[in-house]
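This is the structure, below, for whatever I ask next.
The values are calculated or read from the model by the stated rules, or taken from the named source; none is laboratory data. Bear in mind the structure is a predicted one, so any value in this text is a computation, not a measurement. Cβ: placed from backbone, ideal geometry, glycine included. Neighbour counts: every protein chain shown. All accessible areas refer to the heavy atoms of the entire protein, side chains included, with ligands and DNA or RNA removed. Shrake-Rupley method; radii C 1.70, N 1.55, O 1.52, S 1.80 Å.
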Amino acid sequence: MRPFTYEQGRLCVDKVPVDDVVGGVGTPAYVYSLDAMAAAYRTLQEAFAEFSPEIFYSVKANSNLAVLRRLRSLGAGFDVVSGGELTRVLAAGGDPARISFAGVAKTAEELELSVKHDVIVHVESADEVPRLQEAAAAQGARVRFGIRINPGVKVDTLVHMQTGSDRAKFGVVPQVARAIVDRVAAGEFPDLRLAGVHMHVGSMIPNPGDMVRAAETLVEVLSYGQGRGLTGMRRLDLGGGFPISYGPMDEAPDVPVPADFAAALAPLLRSADADLVLEPGRFVAGAAGALITRVMLNKDPAGRRMVVVDTGMHHFVRPALYQAGHQIVPVVQAPGAGPTEVVGPICESTDRLAPAAELPLLRPGDLLAVLDTGAYGMVMASNYNNQPRPPEIVVEGGRARVARRRETWQDQLVFEE
Ligand code: LLP
């Protein structure tokens with residue numbers, strides 16, 4: 001579902017040549033197809049259509065306002081993890097009643113902001129419930145909340161992306177969730193309404209069965225609550241984790257698709273008395289984006305092919321942080337392909353985008369695209385080495401526009417005296 005294809009040897013995004021898209025802006029630059037994000041959103045929605053899911057896009061994957069606005073226009077709600085993300089969603093016109101906030105350590109200010117806007121708060125520890133009650137009482141508000149449950153399922157994904165094993169810091173174990181249910185049923189938190197249960201067991205989940213096992217635990221807690229008279233407890237939020245393929249452009253995807261997850265979950269969902277919520281991040285945004293960069297130098301130490309480009313771990317940290325593999329392709333196809341190490345300008349030896357990308361012979365000035373960087377790309381970028389962060393260009397209906405400008409050296413001085 002990548003919007004990036006070759007047309008007569010030129011890399012295009014939604015059929016618009018990438019060199020034209022970055023022409024007036026320069027490199028490095030993130031480029032996103034909003035239409036591809038919309039298509040991915042619909043794919044997920046259609047796969048689960050039988051269960052009329054509410055889709056709360058996970059803002060941490062890509063929080064550009066243009067992305068949020070486009071998803072809002074499709075009817076998406078939003079999963080946020082901080083007051084900053086919440087502020088962004090509100091700025092993008094997101095419906096506050098369709099925002100949920102999950103975070104391991106929410107500050108008093110974040111709880112206050114959530115209560116003020118009637119956001120659904122996913123508590124991640126038992127201690128958080130009285131804090132939320134206090135925040136609700138302080139504003140004379142009724143607050144909906146969910147319990148993030150850690151179902152103790154170790155998903156077979158990169159260890160960095162496991163969030164639901166019994167050693168994870170996220171959520172509460174099922175016994176604690178039941179204890180919270182009991183306290184709510186006993187009337188201990190008069191200003192809170194328990195809306196349901198939540199989980200996110202990991203990103204890039206390779207086996208739908210892992211999600212099913214975890215969801216079974218959630219359904220048990222949900223029925224337990226309903227059995228205790230909490231009939232408003234209906235939200236079954238299964239989190240995100242739907243994978244995308246990071247493989248070569250000409251190879252078939254090597255990961256399960258949303259329909260596989262829907263089929264695996266169907267028996268459980270049919271039996272549960274619940275409203276399904278999904279929180280995709282990567283699946284919506286990942287394949288829709290590329291980071292466009294320019295070759296600065298050919299290093300060629302000891303005959304190896306090594307190019308230095310004008311972006312690196314500061315703009316795109318996944319390869320350095322997780323050893324994640326991303327395809328790097330030429331913007332204009334050329335002969336002489338061979339394994340090429342692609343490194344950035346940062347003063348760290350981990351600043352390497354690929355150890356051996358299959359690339360033609362390159363000259364300074366040639367453009368490359370680091371694919372599948374629409375999710376967890378710009379949102380994880382930093383100013384390390386005081387490098388400005390790149391602009392974000394969005395393409396919609398075949399037209400490109402700058403959605404976020406390039407930072408400048410001067411921008412980096414504004415926070416200091
Ligand atoms: N819901 C919650 C509560 C989450 O914590 C996450 C992601 C999602 C939904 C969306 O998950 P997705 O559908 O994108 O897998 N930085 C890492 C990924 C960390 C994901 C954290 N939580 C990466 O670059 O792969």
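How many residues are touching a residue at least 60 places away in the same chain (Cβ under 8 Å) and touching a strand residue (DSSP E or B) at 6+ places or on another chain (Cβ under 8 Å) when one looks only at segment 314-335?
10
Now a separate question. Do we have Asp275 as in the same structural domain as Val197 (by TED's automatic domain parsing), touching a residue at least 60 places away in the same chain (Cβ under 8 Å) and not β-branched (Val, Ile, Thr) here?
So Asp275 passes the test.
Sticking with this structure for a sec: Return a yes/no flag: does segment 367-376 have any residue that is surrounded by 12 or more Cβ atoms within 10 Å (Cβ to Cβ), more than 16 Å from the ligand (Cβ to nearest atom) and over 28 Å from Gly240 (Cβ atoms).
Yes.
Next up: Can you tell me which of Ala266, Ala259 is surrounded by fewer than 15 Cβ atoms within 10 Å (Cβ to Cβ) and within 20 Å of the chain's Cα centre (by Cα)?
The conditions single out Ala259.
Looking for something open to solvent by less than 60 Å² (accessible area, probe 1.4 Å) and under 30 Å from Thr231 (Cβ atoms) - is there at least one such residue anywhere in segment 299-308?
No: zero hits.
Which one is farthest from the ligand (Cβ to nearest atom) among residues in segment 113-139 that are out of contact with any helix residue (DSSP H, G or I) (no Cβ under 7 Å at 6 or more places or on another chain) and open to solvent by 70 Å² or more (accessible area, probe 1.4 Å)?
Filtering first and then ranking leaves Ala138.
OK, next. Test each condition in (1) open to solvent by 10 Å² or more (accessible area, probe 1.4 Å); (2) touching a residue at least 12 places away in the same chain (Cβ under 8 Å) for Gly227 and report the one that comes out false.
So Gly227 meets the others, but not (2).
While we're on this one: Can you tell me which residues in segment 65-88 are closer than 20 Å to Ala381 by Cα and either in a helix (DSSP H, G or I) or open to solvent by 10 Å² or more (accessible area, probe 1.4 Å) (or both)?
Leu65, Ala66, Val67, Leu68, Val81, Ser82, Gly83, Gly84, Glu85, Leu86, Thr87, Arg88
Could you list, in sequence order, all residues of segment 45-64 that are open to solvent by 50 Å² or more (accessible area, probe 1.4 Å), out of contact with any Gly (no Cβ under 8 Å at 6 or more places or on another chain) and outside any helix (DSSP H, G or I)?
The one that is open to solvent by 50 Å² or more (accessible area, probe 1.4 Å), out of contact with any Gly (no Cβ under 8 Å at 6 or more places or on another chain) and outside any helix (DSSP H, G or I): Ser52.
May I ask you to say which residue of Arg10, Arg42 is of a type in the set (D, E, K, R), open to solvent by 10 Å² or more (accessible area, probe 1.4 Å) and assigned by TED's automatic domain parsing to the domain that holds Gly344?
From the options Arg10, Arg42, the qualifying one is Arg10.
Which ones in segment 327-339 are within 29 Å of the chain's Cα centre (by Cα) and either within 9 Å of Glu358 (Cβ to Cβ) or assigned to a loop (DSSP other than H, G, I, E, B) (or both)?
Gln327, Ile328, Val329, Val331
Kindly provide the set of residues from segment 98-112 that are in a helix (DSSP H, G or I) and either open to solvent by less than 40 Å² (accessible area, probe 1.4 Å) or farther than 14 Å from Asp79 by Cα (or both), ordered by number.
Result: Ala108, Glu109, Glu110, Leu111, Glu112.
Does Ala324 satisfy being within 16 Å of the ligand (Cβ to nearest atom), part of a helix (DSSP H, G or I), surrounded by fewer than 21 Cβ atoms within 10 Å (Cβ to Cβ) and not assigned by TED's automatic domain parsing to the domain that holds Ser245?
No.
Right, next: Please state which one of Arg144, Arg167 is modelled with pLDDT of 95 or more, open to solvent by 20 Å² or more (accessible area, probe 1.4 Å) and of a type in the set (D, E, K, R).
Matching residue, one of Arg144, Arg167: Arg144.
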